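Down below is the structure, laid out as structure tokens.
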Amino acid sequence: MAEAERIIGTPDTPDAARAERERPGDDAGSGERSGGGDPAAEAVAGAPGGAGETTAAVGVSGSGEPADADVRPRGRRRIAVLFAVAVFAYALDLISKMIVVAKLEHQEPIQVIGDWLEFRAIRNAGAAFGFGEAFTVIFTVIAAVVIVVIARLARKLYSLPWAIALGLLLGGALGNLTDRIFRSPGVFEGAVVDFIAPKHFAVFNLADSAIVCGGILIVLLSFRGLDPDGTVHKD
């Protein structure tokens with residue numbers, strides 16, 4: 001019986017042995033086929049962090065900053081432009097007031113464009129264009145605060161339009177503050193010299209004009225989304 005079983009099982013033995021010998025090879029071949037991809041991909045997959053770091057690297061610029069971060073402008077600060085405009089506006093206002101006090105005060109008005117525009121010297125204890133004459137000290141404090149704020153803002157000023165606007169505002173504020181400190185009736189209560197008198201409008205001076213022009217420019221820049229540091233908001 002044992003001999004019969006041996007004889008009956010003999011034909012299957014080579015096939016079984018052959019199958020056993022072929023299985024490791026098939027597994028190896030299958031492994032080669034599954035792992036036979038791009039070596040660069042294997043290197044990335046085997047690196048620390050794998051594809052996660054690769055994906056993160058796509059969102060980072062070469063400088064190490066996020067790609068979607070706000071791009072800050074490069075260049076010099078515009079402090080020189082700010083103070084140059086301020087000095088020009090202040091000097092123009094101061095010289096014009098000196099001429100008006102010396103040549104026009106207590107004199108007949110000078111007609112520039114008929115009755116529509118004339119030069120007439122007056123003393124104004126209020127704010128720009130003659131408003132709020134009972135609050136001279138308050139307006140003096142406000143002007144001083146504006147000057148301090150502009151001076152502090154100048155440290156991060158990179159935008160040329162903002163430098164011009166703040167320079168006009170600073171020069172005008174300094175011009176009227178000078179009158180309030182040094183002119184009669186006393187310190188911080190001095191009356192501002194006004195002389196530009198359009199028809200049917202309040203009398204004002206060049207400092208008031210600089211303040212208004214600077215304020216309008218600041219409003220326009222804000223609507224356009226431009227910050228003093230040069231950053232532009234697109235929303």
**OP:** Round to the nearest 0.05 the FRET efficiency obtained for R77 and I138 when R0 = 30 Å and r is the Cβ-Cβ distance.
**Re:** 0.40
Subject >> Pairwise label distance in nanometres, K199 with E108, each label 7 Å out on the Cα-Cβ vector >> reply: 1.9 nm
**OP:** Give me the net charge of Q111's neighbourhood, meaning all other residues with Cβ under 12 Å from the Cβ of Q111; Lys, Arg count +1, Asp, Glu -1.
**Re:** -1
Subject >> Projected label distance in nm at S222 and A151, using a 7 Å step from Cα toward the beta-carbon >> reply: 2.4 nm
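Would you tally the net charge around L153, using a Cβ to Cβ cut-off of less than 12 Å, leaving L153 out, and scoring K and R as +1, D and E as -1?
+3
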Original post:
Can you run phi through the Karplus equation (6.51, -1.76, 1.60; θ = phi - 60°) for segment 221-234 and list ³J(HN,Hα) in whole Hz, with x for Gly and Pro?
Top reply: 5, 5, 5, 7, x, 9, 8, x, 7, x, 6, 10, 8, 8
**OP:** Please label the shape of segment 79-223 as rounded, prolate or oblate, based on the square roots a ≥ b ≥ c of the eigenvalues of the alpha-carbon gyration tensor (a/c under 1.5 means rounded; beyond that, a/b larger than b/c means prolate, else oblate).
**Re:** prolate
Original post:
Between L117 and T231, what FRET efficiency follows from the Cβ-Cβ distance if R0 is 45 Å, with the result rounded to 0.05?
Top reply: 0.65
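Bear in mind these aren't lab numbers, they're just calculated from the coordinates by the rules spelled out. Note that this is a predicted model, so its numbers are computed, not measured. Quick reminder, even Gly has a Cβ in these numbers, built from the backbone with ideal geometry, and neighbours come from all protein chains shown.
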